[in-house]
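Written below as structure tokens is the structure these notes are about.
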């Protein structure tokens, strides 16, 4: 009993000083996350999630109740914002050969006003295992983002990320049948991110889309970032129908960035980079989940889950621009029909999420449509997204 109390106390003590760690670094890094259709369909991820390898990105305490087993491959494509409009615009300009007149139209001006567009591809590297308290995963993502800099120029960011995580969770039962139990999990993670940043005039976009070659990629400014981090989570289960959880992501996740103004060529030519230290800001998320007994309707409704969470409670500690508290609240519902069809819906950042999943045992298909707020206020600059995933 003393050992269990000591472990629980160590978790609490790890949370408290983590706020101070963020003050030691003047450079904040983006958190590591691999997008999935399963999460976004119900406005997730949630700290109470305990199904699938998605718990590797939400709460390591879920490893104890999760028996998903192996995931051998995953191919997920996420389209962000006006990426389809941007591709269509470039195609028309290239085919007609008159991009200047196209840029002067009101429709084009509307597309480029506060533009944020991107595409993210997860896989083909995706290997995960979660069972019997143990969780492990290795993933890669490729991402391209287009964002307005001013009225005549556009920033283009091309990223490649490799992510590895492994952890363990154990259970403290409060009854012999474990109807009431507390799960505590720890997870270590490593991420390596390579990013090429371009700045292009709007009039140069057609040539960029048709002449993008290795020379441009090799000579453009390049950042190489390595991150090492720790996550901690606590999850309480009550009688198979109620779950409450706290997820403390990035308790201490420092990183180092090597910036090469001479591009990737500078990395291979052993040029001296600019070196900066940074840290992924800690995030304390809390949530509850209700899963009522649906045995009386099991022939039709196999499962029903309602979720509610509040993300990043202590954002005000590190952020220079405080986000409206309404943008931290999320809620979602998931209904499984005939043990095959999963219907999802939710609200996060004041924007609606919806999705569907088809589980065919040997592989799973997930599709989700959702909004994301890129400003700090509700309805400030909403970006709409679509994600399609195929998991084996």
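Only the coordinates and a few stated rules stand behind these numbers; no lab work does. Note that this is a predicted model, so its numbers are computed, not measured. Quick reminder, even Gly has a Cβ in these numbers, built from the backbone with ideal geometry, and neighbours come from all protein chains shown.
Highest mean first, what order results for 327-338, 161-172 on Cβ atoms within 10 Å?
Numbers: 327-338: 17.7, 161-172: 19.3.
In descending order of packing, they fall as 161-172, 327-338.
From a point 7 Å beyond the Cα of residue 174 in the direction of its Cβ, which residues of segment 221-239 have a backbone N at a distance under 14 Å?
235-239
Round to the nearest 0.05 the FRET efficiency obtained for residue 271 and residue 390 when R0 = 41 Å and r is the Cβ-Cβ distance. Working shown, then result.
On the way: r = 41 Å, r/R0 = 0.99.
Calculated value: 0.50.
What is the spin-label model distance, in nm, from residue 144 to residue 299 if the labels are put 7 Å beyond Cα along the C-beta direction?
Label at residue 144, label at residue 299, 5.2 nm between them.
What does the highest-first list of 229-238, 343-352 look like by mean Cβ count within 10 Å? Write out the running numbers ahead of the final one.
Values: 229-238: 22.7, 343-352: 19.8.
Result, highest mean Cβ count within 10 Å first: 229-238, 343-352.
Provide, in order from the shortest bin, the percent of all Cα-Cα pairs of segment 250-294 in each 5 Å bin, continuing until the bin that contains the maximum pair distance.
In order of increasing distance, the bins hold 5, 17, 13, 11, 10, 9, 8, 6, 5, 5, 4, 4, 1 percent.
Using the number of other C-beta atoms within 10 angstrom as an exposure proxy, rank 153, 247 with the fewest first.
153, 247
Taking the highest mean first, how do the peptides 142-148, 305-311 order by number of other beta carbon atoms within 10 angstrom per residue?
The most tightly packed comes first, giving 305-311, 142-148.
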